[in-house]
Amino acid sequence: MKKKWLIWGCLVVIAVAVFIWSDYIQRNKVVFTARVEGVYEGSLMVTTTDETGFDRASVSLADSARILNAAGTKVALFDIKAGDSVEITFNGYVLESYPVQIRADKIRIMAK
């Protein structure tokens, strides 16, 4: 019986830890707008239009990344064109190079 309670207690602790971690990740998302310089296989090169602390970024896509048009409909990476304005959401982690490298969780194409 004690073993059963110990297992349930561990599961509750794990569930609470996962909930707290996912909430932490959601609150620490960084969102900025940028103009697309180029579209490559699996990535974008952008120039930021917000005060972000960097002026250019190489943006790759996280495994679960969503790409949306201005209406909120899911689209593919090749629907983004050089010159488009985009809103990029990422986890805040930046590889310190020039240009910086980030992994986007969401890219939204702004109205043209």
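Of all residues in the stretch 54-66, those that are open to solvent by 50 Å² or more (accessible area, probe 1.4 Å) and either over 15 Å from N91 (Cα atoms) or touching a residue at least 40 places away in the same chain (Cβ under 8 Å) (or both) total 4. Per the listing D23, D63, D50, the residue uniquely part of a helix (DSSP H, G or I) and at pLDDT below 90 is D23. In the stretch 71-85, the residues that are open to solvent by less than 70 Å² (accessible area, probe 1.4 Å) reach residues that are charged (D, E, K, R) and not in a strand (DSSP E or B) with C-beta atoms within less than 8 angstrom, at least six apart or across chains, in these pairs: D84/K112; S85/K112.
I want to confirm something. Restricting to the stretch 69-106 and keeping residues that are assigned to a loop (DSSP other than H, G, I, E, B) and among the charged types (D, E, K, R), which single residue is nearest to V39 (Cα to Cα)? The extreme case among them is K81.
The values are calculated or read from the model by the stated rules, or taken from the named source; none is laboratory data. All of these numbers come straight from a predicted model, not from anything done at the bench. Because the Cβ atoms are built from the backbone with ideal geometry, glycine has one as well, and the counts that use them run over all protein chains shown. Remember, those area values only see protein heavy atoms, side chains included, never the ligands or the DNA or RNA. Shrake-Rupley method; radii C 1.70, N 1.55, O 1.52, S 1.80 Å.
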